Amino acid sequence: MDEIVRLCKHRGFIFPSAEIYGGFRSTYDYGPLGVLMLRNVKNAWWRSMVQLRQDVVGLDAAILSGPRIWEASGHLTNFTDPLVDCRNCKERWRADHLEPDPKDGAIHCPNCGSTDLTEARAFNLMFKTHAGPVEDEGSVAYLRPETAQGHFVNFLNVLQTSRKKPPFGIAQIGKSFRNEITPGNFVFRTREFEQMELEYFVPPQDAPKWFEYWCEERLNWYVDLGIPLDQLRLRAHDQEELSHYSAGTSDVEFMFPWGWGELEGIANRTDFDLKAHAAHSGERLEFYDQATSERYVPYVIEPAAGATRTMMAFLLAAYDEDEIGGEKRTVLRLHPRIAPYQVAILPLSRKDTLIPTAQEVLGLLQPIAMCDYDETQSIGKRYRRQDEIGTPLAVTIDFDSLEDRAVTIRERDTTEQVRVPIDKLVEEVTGRLAL
Ligand code: ATP
């Protein structure tokens, strides 16, 4: 974990936010490589959930939202975590994250060890603000704590404009905000984060079948993008753990350095949300099936994943150290679709004679892949750097290239090198990346 945090800072993936002012409360900024990788995580999700399907359409709803949405969804009353105060050191904790001490069975404050803790009380996690210049009850607004309600309040808009019918889904990626009591473990739990959520509307009787389907699909997504199956599991929630809207939830969990942690929750939200919004808004949020002349409120299966948390899992799973020719190296074995750069273009030397050919190669590959062009330092050092940031392929232009119009492709994982004619480079790189 420390190695990942160090690498993220050192190579420009993730920086503590506002570092020159001493940081700001567990918030993070995504640097030049982080922004590429996070975008790739989201694109990979969008590709699998929207692009490769005909039954899902996209949405990008507003983050600022009025209280009526959150009253109807139940979040104003139910979106709480149990909060306890330590009377001794005044720290605050999430009660459900505190374990009794195996020696005396008492609950101790993780900071000072005191057992003088208050009773747990419900703490609402929503960020409240005011829209407009007047700060009164009438201007109260919330930063959404999940992207999900946007899908439900737009149900009719999407139904009418997309001409879809159940089973169909609405996919959305965007920022969510939760005033977490104890953020931590790097970007695992932050107060501002990004989610990737699908709301999949189905005929009620088919909900159990689609729930199973999405559990399997979503687990496979992580495996296909390179997380080993033995570092993943599906865990069903027990009755007390279920959210107020859920008839069944399973989490995709990843083996983090501190133990199993959730990457994604797949929930059977039933018709809870559509019915609640129908009751509060007075609109009929239903589907009318012309074929059978039936009117019904669809059930919803929701796979809800965290983009930032998933990026962290990809980094942890990809991190490796090995030895090449007796020399230790750090390598991120990231899937080409997730790696910040797919190709590094490395002229062997900075000599003027090589640069035009190197630029020509860059011009060929830039339209098909994210490329890093680097002409400084020794070639060995540059390979190490690319290994450490996970670039799957390096293309080296040397003095022979000027004679034979060929370049060397080096594979990150095997360090194997092959000579390829420049004319065949696009085809060769496309094939090897299998994007
Ligand atoms: P937890 O039990 O860890 O608080 P949750 O069950 O409340 O999470 P969901 O509401 O199911 O989480 O949110 C879906 C996904 O959004 C989570 O699986 C996670 O990947 C991501 N997520 C939720 N809260 C955070 C957070 N504070 N920071 C980063 N990602 C988060």
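The values are calculated or read from the model by the stated rules, or taken from the named source; none is laboratory data. These figures come from a predicted structure and were not determined experimentally. We place every Cβ from the backbone using ideal geometry, glycine too, and count neighbours over all the protein chains shown.
Which of the strands (runs of 3 or more DSSP E) found entirely inside the range 343-433 contain at least 3 residues meeting this: at pLDDT 95 or above and over 33 Å from the mean Cα position of the chain (by Cα)? Step through it out loud before you land on a result.
Values: elements: 343-347, 371-373, 393-397, 406-411, 417-421.
The qualifying strands (runs of 3 or more DSSP E) are 406-411, 417-421.
Does LEU229 qualify as being more than 16 Å from the ligand (Cβ to nearest atom) and of a type outside the set (Phe, Trp, Tyr)? If you could, list the steps in order and put the result at the bottom.
Numbers: more than 16 Å from the ligand (Cβ to nearest atom): yes; of a type outside the set (Phe, Trp, Tyr): yes.
Answer is yes for this residue.
Residue check: is THR129 farther than 26 Å from VAL41 by Cα and of a type in the set (Val, Ile, Thr)? Steps first, answer last, please.
Values: farther than 26 Å from VAL41 by Cα: yes; of a type in the set (Val, Ile, Thr): yes.
Yes; evaluated as a whole, the condition is true for this residue.
Name the residues in the range 74-99 that are within 12 Å of the ligand (Cβ to nearest atom) and buried (at least 17 other Cβ atoms within 10 Å of the Cβ), would you?
The answer is HIS75, PHE79, ASP81.
Kindly indicate whether ALA291 is more than 28 Å from ILE397 (Cα to Cα) and at pLDDT below 95.
Against the criterion (more than 28 Å from ILE397 (Cα to Cα) and at pLDDT below 95), ALA291 qualifies.
Would you confirm whether any residue within the range 403-417 is free of Cβ contacts under 8 Å to residues at least 60 places away in the same chain and among the hydroxyl-bearing types (Ser, Thr, Tyr)?
First, the residues of the range 403-417 that are free of Cβ contacts under 8 Å to residues at least 60 places away in the same chain: 403-411, 414, 416-417.
Narrowing the set further to residues that are among the hydroxyl-bearing types (Ser, Thr, Tyr) leaves 408, 414.
So far as the range 403-417 goes, yes, one or more of its residues are free of Cβ contacts under 8 Å to residues at least 60 places away in the same chain and among the hydroxyl-bearing types (Ser, Thr, Tyr).
Identify the single condition in (1) surrounded by 19 or more Cβ atoms within 10 Å (Cβ to Cβ); (2) in contact with a Ser or Thr (Cβ under 8 Å, 6 or more places away or on another chain); (3) of a type outside the set (A, V, I, L, M); (4) assigned to a loop (DSSP other than H, G, I, E, B) that PRO336 does not satisfy, given that it satisfies every other one.
Of the numbered conditions (1) surrounded by 19 or more Cβ atoms within 10 Å (Cβ to Cβ); (2) in contact with a Ser or Thr (Cβ under 8 Å, 6 or more places away or on another chain); (3) of a type outside the set (A, V, I, L, M); (4) assigned to a loop (DSSP other than H, G, I, E, B), the odd one out for PRO336 is (2).
What's the total number of residues in the range 298-342 that are among the hydroxyl-bearing types (Ser, Thr, Tyr) and within 19 Å of the chain's Cα centre (by Cα)?
Selection size over the range 298-342: 4.
Just checking, does the range 211-223 include any residue being more than 10 Å from the ligand (Cβ to nearest atom), under 21 Å from LEU332 (Cα atoms), of a type outside the set (Lys, Arg) and surrounded by 15 or more Cβ atoms within 10 Å (Cβ to Cβ)?
yes
Please go through the range 108-133 and give me each residue that is among the β-branched types (Val, Ile, Thr) and under 20 Å from ILE63 (Cα atoms), ordered by number.
Restricting attention to the range 108-133, the residues satisfying the condition of being among the β-branched types (Val, Ile, Thr) are 115, 118, 129.
Answer for the range 108-133, where residues must be among the β-branched types (Val, Ile, Thr) and under 20 Å from ILE63 (Cα atoms): just THR129.
Would you check which residues across the range 111-130 are surrounded by 14 or more Cβ atoms within 10 Å (Cβ to Cβ) and under 32 Å from the mean Cα position of the chain (by Cα) and list them?
Answer for the range 111-130, where residues must be surrounded by 14 or more Cβ atoms within 10 Å (Cβ to Cβ) and under 32 Å from the mean Cα position of the chain (by Cα): ALA120, PHE123, ASN124, LEU125, MET126, PHE127.
Mind checking which pairs have a first residue in the range 344-367 that is surrounded by fewer than 12 Cβ atoms within 10 Å (Cβ to Cβ) and a second that is charged (D, E, K, R), Cβ under 6 Å, 6 or more apart or different chains?
From the range 344-367, the pairs are ARG350/GLU375.
Of (1) on the phi > 0 side of the Ramachandran plot; (2) surrounded by 15 or more Cβ atoms within 10 Å (Cβ to Cβ); (3) in contact with a Pro (Cβ under 7 Å, 6 or more places away or on another chain), ARG405 satisfies all except one. Which?
For ARG405, the exception is condition (2).
Looking only at the range 282-330, count every residue that is closer than 25 Å to MET37 by Cα and either within 13 Å of the ligand (Cβ to nearest atom) or touching a residue at least 12 places away in the same chain (Cβ under 8 Å) (or both) and tell me the total.
So the count comes out to 21.
Taking the stated definitions as given, is ALA305 touching a helix residue (DSSP H, G or I) at 6+ places or on another chain (Cβ under 8 Å) and modelled with pLDDT of 95 or more?
yes
Every residue, every condition in (1) within 12 Å of the ligand (Cβ to nearest atom); (2) crowded, with 19+ Cβ neighbours inside 10 Å; (3) within 18 Å of PHE201 (Cα to Cα), yes or no:
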site	(1), (2), (3)
GLY138	no, no, no
TYR142	no, yes, no
PRO145	yes, yes, no
GLY150	no, yes, yes
VAL153	no, yes, yes
LEU156	no, no, yes
GLN160	no, no, yes
SER176	yes, yes, no
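Return the pair list, or none, for Cβ contacts closer than 7 Å from residues in the range 264-278 that are at negative phi to residues that are polar (S, T, N, Q) and not in a helix (DSSP H, G or I), at least 6 apart or on different chains.
Close Cβ pairs (under 7 Å, with a partner that is polar (S, T, N, Q) and not in a helix (DSSP H, G or I)) amount to GLY265/THR249; ILE266/THR249; ILE266/SER250; ALA267/SER243; ALA267/SER246; ALA267/THR249; ASN268/SER246; ARG269/SER246.
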